[in-house]
Amino acid sequence: MTGKIALMLGLAFGLVSGDAAFAAPPQAEAGPTVLHGPIPTPTPRPAPEKGESVTAPATPFVPLTPAVAIEKANAYFNKTKTMIADFVQVGSDDRRAEGKVFVQKPGRLRFEYAAPATLDIIADGTTVVVVDRKVNSVQQYFIWQTPLKFLLKDHIDLNHDVKVLNVTSAPDAVTIIVEDSQVFGGTSRIKLIFDPVTFELKQWQVTDPQGFETLVSLFNQDFTTVPNPALFQIYRNASNTK
């Protein structure tokens, strides 16, 4: 049972934030520049030859402040009402699994694994179940016991709902590290990785209460197609599994 809980936590879009302050370190004030001796005459740059291309100087990278990054994360999750995407999951043991994820807010979600995996994770708005088709078993949890509750909320305000541990901004990714102390089994740490241009969530990594890490990557995200409601049907007993 612990293994399946860890797996479910690895697939969750746990989002947490809090009142931690992120302030840029103060910059030292620059004093006046003192020149000694005659001012050198700059050497003129030769004009480009006819037909020679001129490369414009690269625009310097300006990182987002933590406050702006959190605001953009809020905007992404709050505008995303439906989603269908492919996912690839890699666990602490380097085992790989893949499948499709379906989301419809509020409260409905399905992670559907491709063969040879035999698991589905389904949320119907109140309950989350882990269905193992191989052994015809169903394990049931309340949404608030898992990080899934944050993905499935209709509105998220990270500054009030949860606790943020760290925010970093780089040319290739914006990363927000969060912690959820209310999930089943203890505290989980979640690293959310966003595309710096579109600010779509492209990866997340969960460290579960037992210390196991799971990395999930999203591909081919579709935010316009509404998933079939039948996908979110909860299987109430093992005899209803596929």
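Just so you know, all these numbers are worked out from the coordinates, no wet-lab data involved. No experiment lies behind these values; they were computed from the predicted model shown. Neighbour counts are summed over all protein chains in view; Cβ atoms, including those assigned to glycine, are modelled from backbone coordinates with ideal geometry.
Please state the Cα pair-distance histogram of region 78-175 with 10 angstrom bins from zero: what percent is in each bin?
Histogram of Cα-Cα distances, whole percents per bin: 13, 35, 38, 12, 1.
Extending each Cα 7 Å along its Cβ direction at Gln210 and Leu231, get the distance between those two points in nm, one decimal.
Reported label-point gap for Gln210 and Leu231 is 2.9 nm.
Please go through the residue pairs Lys153/Lys191; Lys72/Lys105; Lys81/Lys134 and name each one whose alpha carbons sit more than 22 Å apart in this structure.
Lys81/Lys134
Compute the Kirkwood hydrodynamic radius of region 129-189, taking the inverse of the mean of 1/r over all pairs of distinct Cα atoms, and give it in Å to one decimal.
With all distinct Cα pairs of region 129-189 included, I get 14.0 Å.
Go ahead and run the numbers for FRET between Phe61 and Asn159, Cβ-Cβ distance against an R0 of 25 Å, rounding to 0.05.
0.45
Given points 7 Å out from each Cα along the Cα-Cβ axis, report the Ala173 to Asn220 separation in nanometres with one decimal.
Each label point is offset 7 Å from its Cα along the Cβ direction, giving 2.2 nm.
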